[in-house]
Amino acid sequence: RQRGERLQASLFRIAELAGTSDSLEAFYAAVHRVIGGLLYARNFYIALLSDDGRELQFPYSVDERDAVRRPRRIGRGLTEYVITRGTAV
């Protein structure tokens with residue numbers, strides 16, 4: 001029950017941030033902090049699928065090893081799995 005309440009509060013917080021953040025960068029960083037309150041999220045990224053569905057872009061990425069996550073063609077990775085299934089791993 002507590003987990004569900006924390007998840008719901010986090011979703012409400014993200015919805016609130018969508019309307020109050022000064023920039024997309026600030027919004028993405030705030031989402032990272034909210035997710036970090038739910039689970040381990042030291043390494044975190046937001047992936048966007050291009051309009052033609054052929055490329056992933058990473059407007060926000062924090063990684064201990066890779067400073068920059070470059071856009072890439074769609075492949076068979078976990079990100080693609082989540083996108084096609086519409087559910088978390």
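Values for this structure:
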read-out	value
Filter result for Ala41 (within 21 Å of Val82 (Cβ to Cβ) and part of a loop (DSSP other than H, G, I, E, B))	yes
Leading residue by the ranking (surrounded by the fewest Cβ atoms within 10 Å (Cβ to Cβ)) among those in the range 7-39 that are among the hydroxyl-bearing types (Ser, Thr, Tyr) and out of contact with any Pro (no Cβ under 8 Å at 6 or more places or on another chain)	Ser23
The range 44-89, subset among the hydroxyl-bearing types (Ser, Thr, Tyr) and not in a helix (DSSP H, G or I), residue farthest from the chain's Cα centre (by Cα)	Ser50
Cβ pairs under 6 Å, 6+ apart, first in the range 51-71 and under 17 Å from Leu24 (Cα atoms) and not assigned by TED's automatic domain parsing to the domain that holds Ile35, second at pLDDT below 95 and not polar (S, T, N, Q)	Phe58/Arg69; Ser61/Arg69
Filtered residues of the range 16-30 (kept if under 19 Å from Phe44 (Cβ atoms) and not acidic (Asp, Glu))	Leu17, Ala18, Ser21, Ser23, Leu24, Ala26, Phe27, Tyr28, Ala29, Ala30
Failed condition for Gly4, given (1) assigned to a helix (DSSP H, G or I); (2) surrounded by 12 or more Cβ atoms within 10 Å (Cβ to Cβ)	(2)
The range 6-22 residues that are touching a residue at least 12 places away in the same chain (Cβ under 8 Å), paired with ones that are surrounded by 14 or more Cβ atoms within 10 Å (Cβ to Cβ) and among the β-branched types (Val, Ile, Thr) (beta carbon under 7 Å, 6 or more apart)	Ser10/Val34; Arg13/Val34; Ile14/Val31; Ile14/Val34; Leu17/Val31
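Yes/no matrix, rows are residues, columns are (1) of a type in the set (Gly, Ala, Ser); (2) surrounded by 13 or more Cβ atoms within 10 Å (Cβ to Cβ):
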| position | (1), (2) |
| --- | --- |
| Ala41 | yes, yes |
| Ser61 | yes, yes |
| Arg69 | no, yes |
| Arg72 | no, yes |
| Gly77 | yes, no |
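The values are calculated or read from the model by the stated rules, or taken from the named source; none is laboratory data. What you are looking at is a predicted structure, and each value in this text was computed from that prediction instead of being measured. Note that we place each Cβ from the backbone using ideal geometry, even for glycine, and neighbour counts take in every protein chain shown.
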